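Engineer: Structure incoming, see below.
The values are calculated or read from the model by the stated rules, or taken from the named source; none is laboratory data. Being a predicted model, the structure only gives us computed values, none of them experimental. Cβ placement follows ideal geometry from the backbone for every residue including glycine, while neighbour counts extend to all protein chains displayed.
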Amino acid sequence: MKILYIGDDWIGSNARSLAEGFRQAGHEVVAVDTTPVTLPRRLSAPWIHAKLAGRRAPWSVEAVHRRIEQIAAELHPDLVFAFKTVHLDQRRLLDVPAYLHVHYSPDDVSNPYNTTPGYLEWERAWDLVVTTKRHNVPELLARGARAVKFVPSAYDPAWHRPCARRAGRQYLVGFIGACRPDRRGPLVDLARRYGDRMLLRGPGWRRVPQLRRTRATVAAAVYGEQLSVAVASVTANLVLLNSANRDTHTCRTFEVPAAGGLFVGERTAEHEALFDDGTECLLFSTAEELHDRLRWCDERPDLARKVAESGYRRIVRGRHRYVDRAAEIVATFH
């Protein structure tokens, strides 16, 4: 198919990986970058407008739509694929001539943070809504969506693969991800307990004052290959879910083991279905169980490495790449 792909195109974004997945699956893909709308540069005019007005800058939105319509006129796409384009004009997206119009959301579409009134008004007009949250399927159908498909998250082998460490230090425990209210307290407690044996990387952590009084290493976010480099420096890589999205798995579910890291994550039905606990990952349900897991990693590092290796094999042999997800989506239409 000829696919007009609309989504963020910054290095490390899931949207960029999925666009490449469609290309690797044999389709002709032309991508339009929505980053100027979704993530305007800090202190730029569009960023200030979004903060003051509570909506994206109309001139940025217009520029993206003009680009979409220009490419559509040249490409004559079979499929318009929109990756979480809730801040764009839905009517204009749906009016782009194409046989199919598909909207993809990597986040919980029942969380108001992940939608807009404009998107919700036109949601039922999309030919297919793809979600990575299994619980969203009946909710979307109840809202009137024409068709819904659940597709799990994935990893990108271009970025998520075992890498050599870039520093001598090996941390016992680490977490790579955004600071969220549901994560803040438990990770501050871990930092106090494990001190300089803990690594935290991601947006917001350096603004948490309690972490400054620990010896934990707190650093900026990492994306793409640098995420895999960070994973390599940690023995037990925490995979924490976002309660606001009612996550039962996340992108890190696939990215951490694909990067060769030991997956230490929250116990959910989806995690238990993906991995064998104790031989391919380490799952926990309570803080005390997590400490038991970390103590085991500390006392038996050789066995911890073997679990990490088994988890790596389970993911890379299991058709969990973005190209595999692209094929699953396309198969819906055959």
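Engineer: Just to verify a result, which residue in the range 115-144, among those that are surrounded by fewer than 19 Cβ atoms within 10 Å (Cβ to Cβ) and hydroxyl-bearing (Ser, Thr, Tyr), is nearest to the chain's Cα centre (by Cα)?
Structural biologist: This residue is THR115.
Engineer: What's the number of the only condition in (1) in contact (Cβ under 8 Å) with a residue 60 or more places away in the chain; (2) part of a loop (DSSP other than H, G, I, E, B); (3) in contact with a helix residue (DSSP H, G or I) (Cβ under 7 Å, 6 or more places away or on another chain) that ASP9 fails to meet?
Structural biologist: Every listed condition holds for ASP9 apart from (1).
Engineer: Determine which member of the set PRO181, PRO209 is exposed (fewer than 15 other Cβ atoms within 10 Å of the Cβ), in the same structural domain as ARG252 (by TED's automatic domain parsing), farther than 29 Å from ARG305 by Cα and touching a helix residue (DSSP H, G or I) at 6+ places or on another chain (Cβ under 9 Å).
Structural biologist: Step by step, each of PRO181, PRO209 is checked, and only PRO181 is exposed (fewer than 15 other Cβ atoms within 10 Å of the Cβ), in the same structural domain as ARG252 (by TED's automatic domain parsing), farther than 29 Å from ARG305 by Cα and touching a helix residue (DSSP H, G or I) at 6+ places or on another chain (Cβ under 9 Å).
Engineer: With the structure loaded, tell me whether ARG146 is without any contact (Cβ under 8 Å) to a residue 60 or more places away in the chain, charged (D, E, K, R) and more than 27 Å from ARG55 (Cα to Cα) or whether it fails that test.
Structural biologist: Answer is yes for this residue.
Engineer: Identify, please: which residue in the range 308-334 is of a type in the set (Lys, Arg) and in a helix (DSSP H, G or I) and is, among those, farthest from GLY260 (Cα to Cα)?
Structural biologist: Going through the range 308-334, the residues of a type in the set (Lys, Arg) turn out to be 313-314, 317, 319, 321, 325.
Subsequent filtering for residues that are in a helix (DSSP H, G or I) retains 313-314, 325.
Numbers: ARG313: 9, ARG314: 11, ARG325: 21 Å.
Among them, the one singled out is ARG325.
Engineer: Now for a different question. If the Cβ limit is 8 Å and pairs must be 6+ apart or interchain, which residue in the range 58-82 that is touching a residue at least 60 places away in the same chain (Cβ under 8 Å) pairs with which residue that is basic (Lys, Arg)?
Structural biologist: ILE68/ARG92; LEU75/LYS2; HIS76/LYS2; PRO77/LYS2; ASP78/LYS2; LEU79/LYS2
Engineer: From (1) in contact (Cβ under 8 Å) with a residue 24 or more places away in the chain; (2) farther than 19 Å from ALA145 by Cβ; (3) under 17 Å from the mean Cα position of the chain (by Cα), pick out the condition that doesn't hold for ARG16.
Structural biologist: Looking at each condition in turn, ARG16 falls short on (1).
Engineer: Against the conditions (1) hydrophobic (A, V, I, L, M, F, W, C); (2) on the phi > 0 side of the Ramachandran plot; (3) surrounded by 14 or more Cβ atoms within 10 Å (Cβ to Cβ), where does LEU43 fall short? Just the number, please.
Structural biologist: Tallying (1) hydrophobic (A, V, I, L, M, F, W, C); (2) on the phi > 0 side of the Ramachandran plot; (3) surrounded by 14 or more Cβ atoms within 10 Å (Cβ to Cβ), LEU43 fails exactly one: (3).
Engineer: Can you tell which of THR332, THR248, THR279, THR268 is under 30 Å from HIS101 (Cβ atoms), of a type in the set (Val, Ile, Thr) and in the same structural domain as ARG197 (by TED's automatic domain parsing)?
Structural biologist: Going through THR332, THR248, THR279, THR268 in turn, the sole match is THR248.
Engineer: Right, something else. Looking only at the range 278-308, filter to residues that are free of Cβ contacts under 8 Å to residues at least 40 places away in the same chain and within 23 Å of the chain's Cα centre (by Cα); which one of those is nearest to GLN170 (Cα to Cα)?
Structural biologist: CYS281
Engineer: Something else now. Looking only at the range 202-216, count every residue that is under 19 Å from LEU290 (Cβ atoms) and not in a helix (DSSP H, G or I) and tell me the total.
Structural biologist: Final tally of qualifying residues: 3.
Engineer: When the range 145-184 is examined, which residues are found to be within 14 Å of the chain's Cα centre (by Cα), outside any loop (DSSP other than H, G, I, E, B) and more than 13 Å from LEU199 (Cα to Cα)?
Structural biologist: Of the residues in the range 145-184, the ones within 14 Å of the chain's Cα centre (by Cα) are 151-156, 159-160, 176-178.
This time we only want the ones that are outside any loop (DSSP other than H, G, I, E, B), so: 155, 176.
Answer for the range 145-184, where residues must be within 14 Å of the chain's Cα centre (by Cα), outside any loop (DSSP other than H, G, I, E, B) and more than 13 Å from LEU199 (Cα to Cα): just TYR155.
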